[in-house]
Amino acid sequence: MKFLHYRFLVVVTALLIITACNSGEENKTVTSESMSLKVGVVKIDFGTVDGKPVYQYILTNAKGDQVKITNYGATVTSWSSLDKNGKKTSIVLGFDSLSGYLGGSPYFGAVVGRYGNRIAKGKFKIGDSTYTLAVNNGANHLHGGIKGFDKQVWDVAETADSLPVLSLNYLSKDGEEGYPGNLKVNVTYTLTDEDELTIEYTAETDKPTVLNLTNHSYFNLTGDHSNNILDHKMMIKADYYTPVDTGLIPTGELRAVKGTPFDFNTPKKIGERIGKVPGGYDHNFVLKRTDSSLQLIASVTDTVSGRKLEVFTTQPGVQFYTGNFLNGSIKGSDEIPFNKNAGFCMETQHFPDSPNKPKFPTTLLKPGEKYHTITKYRLSVE
């Protein structure tokens, strides 16, 4: 009987071990499947514009960090991640609903074009032809005009749900907002597991045109837009900037940053010298670079959250803007107003008013050529 009892215990023990092992494998599978369900792209309804459906796409990486993008304006509405205290908040200014973007949003998170930034008096020439654009910023043209790319409903390419990648397309027709040529544009967002948001822009035209695409996200690394960004510490790799007139149009001069409030080659608090810049920072910096490869051009740190944002680009310039025109008249979904200096922008670009400044890097795109630029924002916690 003792022998039979011993055999019984051995069998039961073996069965328990096998069951535990199988259970462990099942748990691994469930966990793996759960993770795979979390990583990728989820599409939700976001409203309609001009009778066209608008969606919000949620990109999630393996860490569970998320970037939300709507096909209205190819706009980044949120980028949520953990800070050093384990609190998850969004580092970009935006709205939870489409109505916020239809109610006079100051380009929060949008792709702006055809020409990001300003063109003096809304006029430029290509060859012997003069083109007249909308004047929507004082005496000048800004960010593509009255209904630029930020106010268009973009088409979305088929997404691979398992990858946090979103590809958006827009056809800007010949004559739209005064620009020549049928322009086919693609913008692709990729969120990596290293918390890098890469934005790749490509475009082709059937007539000579000018093109300067950028993303207009306002960052606040504290994750709370009731805080301003003046204590953020900024570094920009630039020996020169382009001074501007009272309408914020570059004069054409490349002025050295050394000895001025525009020298961020060593990190400085944004607010440290902003009082010496009339109106605040809203200037193009001429980036130090040896070629057009993807290079680190700026970094920003915040001690409150421990977050660090690094900016990489293939572009020759970046517009550093400190939210000077935010005045509290617009509120977030939490009813907290967006006040002056609630966010900063790092708009990678060619220079403002380049079509009228022959010495600036050209923004002319011809038939048969391919416009291609890449910008990457890398987020980390220190």
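The table below lists the values:
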quantity: Residues within segment 138-197 that are among the charged types (D, E, K, R) and surrounded by fewer than 16 Cβ atoms within 10 Å (Cβ to Cβ), tallied; calculated: 9
quantity: Selection from segment 289-347 of residues that are buried (at least 18 other Cβ atoms within 10 Å of the Cβ) and at positive phi; calculated: Gly323, Asn341
quantity: Count of residues meeting criterion [within 21 Å of Gly113 (Cβ to Cβ) and either in contact with a Lys or Arg (Cβ under 6 Å, 6 or more places away or on another chain) or touching a residue at least 60 places away in the same chain (Cβ under 8 Å) (or both)] in segment 57-78; calculated: 10
quantity: Meets criteria (farther than 25 Å from Ile199 by Cα, loosely packed, with under 15 Cβ neighbours inside 10 Å and at pLDDT 95 or above) for Thr266; calculated: yes
quantity: Cβ-Cβ under 6 Å pairs, at least 6 apart or on other chains, segment 89-107 side in contact (Cβ under 8 Å) with a residue 60 or more places away in the chain, far side charged (D, E, K, R); calculated: Tyr107/Asp150
quantity: Single residue of Thr202, Thr214 found to be surrounded by 21 or more Cβ atoms within 10 Å (Cβ to Cβ), touching a strand residue (DSSP E or B) at 6+ places or on another chain (Cβ under 6 Å) and modelled with pLDDT of 95 or more; calculated: Thr214
quantity: Residues (farther than 18 Å from His350 by Cα and either in contact (Cβ under 8 Å) with a residue 12 or more places away in the chain or crowded, with 19+ Cβ neighbours inside 10 Å (or both)) located in segment 238-255; calculated: Gly247
quantity: Pick from segment 153-179, criterion assigned to a strand (DSSP E or B), touching a residue at least 24 places away in the same chain (Cβ under 8 Å) and hydroxyl-bearing (Ser, Thr, Tyr), ranking: nearest to Lys68 (Cα to Cα); calculated: Tyr170
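The values are calculated or read from the model by the stated rules, or taken from the named source; none is laboratory data. Small disclaimer: the values here were computed from a predicted structure and weren't measured. Cβ coordinates were reconstructed from backbone atoms using ideal geometry, including for glycine residues, and neighbour counts include every protein chain displayed.
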